[in-house]
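Okay, so here's the structure we're looking at.
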């Protein structure tokens, strides 16, 4: 069951994410993981008046933890998340427990994700967090994802891996806006300058009337 900090109600998470298992996305080096995802409007919470943001992501390598970092204050978040297979069913014991301060800008989750492929799709992690403003009001929330993994030899030598940040993007399903750019990180991996288009301001010039 999915639980949420400061809430008694369970969150029902049903985000859809197609991450095709092509040769380009074959399981590889955890230090060079490829993760993809998105955010959209989430499911309303009975005891949380904030705007719910649903996130979903999948990776082509196993992970043991992840962080969601937003560019606006996060007011609450699911304290447990589930990994779903490509058949849209929970996959085995894969899932995470999440912790963090709120309000804050990030939360951390630890658990397991096996990167198993079902129906030509990698499994996906689904969860929710809430923000104060409206989802489609500028500036829109655009969270980043960082993932971690670790291995240990029989002699106890630990090797740690970290991947990201990956941009989950601005909310899908919102109308177009004057704010340029669609993400905090561009296709080439560099930051994107999102500069709102200048709005033309009409100034009325009042002409003084001459008294005769």
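Read the figures in this text as sums done on the coordinates, not as results from a lab. Keep in mind it's a predicted model, so treat the numbers as computed, not measured. Don't worry about glycine lacking a Cβ; one is built from the backbone with ideal geometry, like all the others, and counts go over all protein chains shown.
With equal scatterers on the alpha carbons only and no solvent term, can you work out the Debye log10 of I(q)/I(0) for the stretch 30-91 at 0.16, 0.24, 0.29 1/Å?
Cα-only, vacuum Debye calculation for the stretch 30-91: -0.67, -1.30, -1.49.
Binned at 10 Å from 0, what are the whole-percent values of the Cα-Cα distance distribution for the stretch 23-180, short to long?
All Cα pairs considered, the percentages come to 11, 39, 34, 14, 2, 0.
Using the 10 angstrom Cβ neighbour count as an exposure proxy, how do 177, 49 rank, fewest first? Display every interim value, and only then the final one.
Working: 177 14, 49 10.
The most exposed by this proxy come first: 49, 177.
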